[in-house]
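Read through the structure below, which is laid out as structure tokens, and then see the notes.
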Amino acid sequence: MEDEMAERLALLRMLRQDFANDKLQLWYQPQVSLTTKQVVGMEALLRWPQPNGQFISPAVFIPLAEYSGLIVEIGYWVMDQACLQIKQLQKQGYTGLRIAVNVSMPQFRSHGFVQSVIDCVTAQQIDPQLLELEITESVVMDEPKIVIDALQKLKNFGIKVAIDDFGIGFSSLNYLQQLPLDRIKVDRAFIRDIDKPAGEVIAETIINLGKRLNLATIAEGVETQAQEQVIVAMGCDEVQGFMYARPMPPAELLAFLQQQKS
């Protein structure tokens with residue numbers, strides 16, 4: 001346990017240092033409309049590159065950043081970068097593309113979080129509807145009142161809200177109806193098992209629930225044509241996965257969008 005703790009502390013020190021030295025990167029994974037096959041947005045994903053060309057997995061460093069509170073500072077930076085990217089895309093003629101940014105519980109708890117998001121959007125002079133905040137249901141269940149209040153204020157300003165990992169935790173339908181949501185994401189775990197009866201039923205239930213609540217639905221982790229056919233038949237609106245595009249840095253994203261256009 002001592003060795004593990006020492007390793008975590010060393011990793012956290014390295015993360016703080018690399019963040020201070022501007023070494024973290026924000027990559028983007030395109031999201032595609034199943035009706036038009038056009039890119040409608042993208043999810044912003046944090047990347048931590050290493051000198052050897054490898055990357056440390058977000059599954060390793062995000063919990064560390066959350067535990068230490070560093071995620072609040074990193075979160076401000078991510079929000080700023082995402083708003084800047086929306087502005088850059090607009091300059092290149094891509095005016096309607098939204099960017100989804102993941103938000104964690106320490107960010108909601110931090111003083112001034114709501115205002116900081118509004119300030120980011122205002123500073124870049126972008127349409128607030130092009131910024132989408134992605135929350136997991138575990139975040140909602142942690143402190144429902146704080147999260148719902150914050151999201152309601154941001155929603156009133158025009159910012160979009162999506163719920164991620166839906167159905168993975170202990171979903172509370174009561175909170176679901178209180179949340180000011182625009183989009184519900186079907187988790188990759190259900191897409192992976194969509195050829196099994198249980199996986200198919202759960203994916204279809206989430207998509208139908210989204211429709212009944214007037215929410216857009218997006219399936220993550222779609223990797224095969226067979227999976228796409230099933231979710232199209234279920235009436236899913238959008239999709240995100242390796243079959244369409246992997247996460248990519250900003251320059252590659254621009255090249256990808258230009259290629260799609262031609």
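Some notes on this structure:
- Phi angles of the range 121-135 translate, via the Karplus equation with coefficients 6.51, -1.76, 1.60 and θ = phi - 60°, into HN-Hα couplings of 5, 5, 4, 8, 6, 10, 5, x, 5, 8, 9, 10, 9, 9, 10 Hz per residue; Gly and Pro are given as x.
- Percent RCO, i.e. relative contact order, over the chain, from Cα pairs under 8 Å lying at least 6 residues apart: 18 percent
- Taking 26 Å as the limit for the C-alpha separation, the pairs Lys87/Lys155; Lys145/Lys185; Lys211/Lys261; Lys23/Lys153; Lys155/Lys196 exceed it in the case of Lys211/Lys261; Lys23/Lys153; Lys155/Lys196.
- Per-residue HN-Hα couplings for the range 10-17 [Karplus 6.51, -1.76, 1.60; θ = phi - 60°; Hz; x = Gly/Pro]: 5, 5, 5, 4, 5, 5, 4, 5
- Area of Leu253 that stays accessible when all protein chains are in place (1.4 Å probe, Å², to 10): 0 Å²
- For the chain, the Cβ-based charge dipole about the Cα centre amounts to some 760 debye (Lys, Arg positive; Asp, Glu negative; other atoms uncharged).
- 12 Å beta-carbon shell around Ala100, net charge (K/R +1, D/E -1): -3
- For the chain, DSSP calls about 35 percent of its internal beta bridges antiparallel.
- Here r is the Cβ-Cβ distance between Gln260 and Gln17 and R0 is 30 Å; the resulting FRET efficiency, rounded to 0.05, is 0.20.
- Vicinal HN-Hα couplings computed from phi for the range 69-86 (Karplus, 6.51 cos²θ - 1.76 cosθ + 1.60; Hz; Gly/Pro x): x, 5, 4, 5, 5, 4, x, 4, 5, 4, 4, 4, 4, 5, 5, 4, 5, 4
- Subtracting the Cα-Cα distance of Val60 and Thr122 from their residue separation scaled by 0.36 nm leaves 19.0 nm.
The values are calculated or read from the model by the stated rules, or taken from the named source; none is laboratory data. Quick caveat: nothing in here was measured; it's all calculated off a predicted structure. Glycine also receives a Cβ, built like all others from the backbone with ideal geometry; neighbour counts cover every protein chain displayed. All accessible areas refer to the heavy atoms of the entire protein, side chains included, with ligands and DNA or RNA removed. Shrake-Rupley method; radii C 1.70, N 1.55, O 1.52, S 1.80 Å.
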